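To keep things clear, I will list the structure first and then write my remarks on it.
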Amino acid sequence: MFWREHSILPTIFEPIYFVEGRYYNVKYISLVKYTAKGAENVKDSPNRLDAFKGLCEFMGAKVGGFYLTMGRCDMLVILDAPNPETVAKIILATSSRGAVSTETLQAFSKEEYRKIVSELP
């Protein structure tokens, strides 16, 4: 795999990789929906967002973007994180509070996309 070939300390920081002189973290996109409990207390949502950002920083991740959305999801969160285990811990800790449910996706940059497609058989 591309990231394994270009990884720094691949067994410790697997998704962190070095490309063209820069270090990159893997990006994750979380599609977030309010639960009934979260919708009932929607005015507390900004405080929960601040707490979420604090949790991410404590866990070594960063909120790269946040959007209130219209449609099948209520919010979209972009996370920069060192590995999928960190994201899983953040999402489990957040979801266990009962205000939201999430679907989290690993995202690939356009450079990663081009590299992946170029290596197809």
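The values are calculated or read from the model by the stated rules, or taken from the named source; none is laboratory data. Owing to the predicted nature of the structure, the values given are computational and were not obtained by experimental measurement. Heads up, the Cβs are rebuilt from the backbone with ideal geometry, glycines too, and the neighbour counts pull from every protein chain shown.
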Residue count, the stretch 81-95 (criterion: surrounded by fewer than 18 Cβ atoms within 10 Å (Cβ to Cβ) and either closer than 19 Å to Val42 by Cβ or among the acidic types (Asp, Glu) (or both)): 2
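Do we have any residue at all in the stretch 19-32 that's under 15 Å from Gly98 (Cβ atoms), at pLDDT 95 or above and in a loop (DSSP other than H, G, I, E, B)?
Taking the stretch 19-32 and keeping what is under 15 Å from Gly98 (Cβ atoms), we get 32.
When the remaining residues are screened for being at pLDDT 95 or above, the result is 32.
Subset that is in a loop (DSSP other than H, G, I, E, B): none.
Checking the stretch 19-32: not a single residue is under 15 Å from Gly98 (Cβ atoms), at pLDDT 95 or above and in a loop (DSSP other than H, G, I, E, B).
Anything in the stretch 100-121 that is of a type outside the set (Asp, Glu), in contact with a helix residue (DSSP H, G or I) (Cβ under 9 Å, 6 or more places away or on another chain) and modelled with pLDDT under 95? List them, or say none. Let's see the steps before the verdict.
To start, the set of residues in the stretch 100-121 that are of a type outside the set (Asp, Glu) comprises 100-102, 104-110, 113-118, 120-121.
Among the residues that remain, those that are also in contact with a helix residue (DSSP H, G or I) (Cβ under 9 Å, 6 or more places away or on another chain) are: 100-102, 104, 106, 108, 115-116.
Answer for the stretch 100-121, where residues must be of a type outside the set (Asp, Glu), in contact with a helix residue (DSSP H, G or I) (Cβ under 9 Å, 6 or more places away or on another chain) and modelled with pLDDT under 95: Gln106, Phe108, Lys115, Ile116.
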Residue within the stretch 74-85 that is modelled with pLDDT of 95 or more and not aliphatic (A, V, I, L, M) present: yes
Residue selected from the stretch 23-44 under the condition within 25 Å of Glu85 (Cα to Cα) and polar (S, T, N, Q), by the criterion farthest from the chain's Cα centre (by Cα): Thr35
Pair list, Cβ under 8 Å, 6 or more apart: the stretch 92-114 residue farther than 15 Å from Lys33 by Cα, other residue part of a helix (DSSP H, G or I) and at pLDDT below 95: Gln106/Pro84; Phe108/Ile116; Glu112/Phe2
Counted residues, the stretch 49-80 - those being surrounded by 13 or more Cβ atoms within 10 Å (Cβ to Cβ) and either assigned to a strand (DSSP E or B) or within 13 Å of the chain's Cα centre (by Cα) (or both): 17
Pair list, Cβ < 8 Å and 6+ apart or interchain, from the stretch 40-52 residues that are touching a residue at least 40 places away in the same chain (Cβ under 8 Å) to residues that are polar (S, T, N, Q): Phe52/Thr94
